[in-house]
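Asker: I have a structure I would like to understand better, so I am pasting it below and will then ask my questions one at a time.
The values are calculated or read from the model by the stated rules, or taken from the named source; none is laboratory data. All of these numbers come straight from a predicted model, not from anything done at the bench. For neighbour counting, all protein chains shown are included, and Cβ atoms are generated from backbone atoms with ideal geometry for every residue, glycine included. Side chains included, ligands, DNA and RNA excluded: accessible areas come from the protein's heavy atoms. Shrake-Rupley method; radii C 1.70, N 1.55, O 1.52, S 1.80 Å.
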Amino acid sequence: MQIPLHFYLNEIKWRFYYFCFSFIICLIIILNYHEAVFFWSTYSFSFVNKNRFITTHIAELFATSMYVSINIVSFINFPYAYYHCNSFFSSGWYKSQIWFFTNLQIFMFIVLGISIFISYFTVLPYAYAFLDTWTITTIYAFKVQLEARIETYVYWMFQTTCLLSNTMCFFLGRLMYLFLLDNMINLHIFYRKNKKYVLFLVFVGFFICLPPENMIQLYYFFFIVLFYELFFFITCLFFAKNNV
């Protein structure tokens, strides 16, 4: 006679095998298009160094390609991993728990994809342009030629993109928590009391991080103020709705 634990472990084993099989197949497909993967992973830096990268040992390109491919495959297989988790745990959950878990995972996957897109194609190019300006400041002391090592660049690019996207996901997840907790009432009170200080600190941070071009700074400041006022207006709507 088989105990229930045996059935659970057997189901976990087969689901793990299915996921590993899907992961390996996707990895083989991605490695088959390694040139397109390298183009995608170095696109945000292309206008700074004109696609010039160096390697220091013979296995660096292969190791970099495997690193990029594994990260891409992990993101692609996220919905499949969610499907197995949902199928395994849903048998012991209430309908409300299944609904909450499903919508939470869909929300996080969409937010993560959008935040990665924004971080990679919008934030990183300006960050590279800002870092590249340091080669100009040393022109009178000695000549500096920028030669990016592809392994270091790819690692830093993925780490920075993950940091920015996870920060955005944490911010939006915190907003969801505040919405479920008290419908953003306390958040509105906090913003109303500290609106000027928060906006000042954001401006100081962008003054330090952004390149010293006036048009770029004015462009970002305009959208920061617009987003900030729009967000404050949304919190005002929730506050007025709960106090009518």
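Let's see how each residue does on (1) free of Cβ contacts under 8 Å to residues at least 60 places away in the same chain; (2) over 30 Å from residue 176 (Cα atoms); (3) open to solvent by 50 Å² or more (accessible area, probe 1.4 Å):
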{"site": "32", "(1), (2), (3)": "yes, yes, yes"}
{"site": "62", "(1), (2), (3)": "yes, yes, yes"}
{"site": "65", "(1), (2), (3)": "yes, yes, no"}
{"site": "114", "(1), (2), (3)": "yes, no, yes"}
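Asker: If you don't mind, there's one more thing I want to ask. Which pairs turn up if I take residues in region 168-182 that are closer than 12 Å to residue 107 by Cα and surrounded by 11 or more Cβ atoms within 10 Å (Cβ to Cβ) and look for partners that are at pLDDT 70 or above and hydroxyl-bearing (Ser, Thr, Tyr) with beta carbon separation below 9 Å, at least 6 apart in sequence or on another chain?
Answerer: That search, which allows pairs on different chains as well, returns 169/115; 172/115.
Asker: Can you confirm whether residue 24 is in the same structural domain as residue 122 (by the TED database) and touching a Cys at 6+ places or on another chain (Cβ under 8 Å)?
Answerer: no
Asker: Grab the helices (runs of 4 or more DSSP H) fully contained in region 1-102, keeping just those with 3 or more residues being in contact with a helix residue (DSSP H, G or I) (Cβ under 8 Å, 6 or more places away or on another chain) and modelled with pLDDT of 80 or more.
Answerer: 4-32, 60-76, 78-89
Asker: Let me ask you something else. All but one of (1) open to solvent by less than 30 Å² (accessible area, probe 1.4 Å); (2) modelled with pLDDT of 70 or more; (3) more than 23 Å from residue 235 (Cβ to Cβ) hold for residue 211; which doesn't?
Answerer: For residue 211, the failing item is (2).
Asker: Let me ask something additional. Assess whether residue 93 counts as being surrounded by fewer than 13 Cβ atoms within 10 Å (Cβ to Cβ) and under 24 Å from residue 177 (Cα atoms).
Answerer: Spelling it out, it is not the case that residue 93 is surrounded by fewer than 13 Cβ atoms within 10 Å (Cβ to Cβ) and under 24 Å from residue 177 (Cα atoms).
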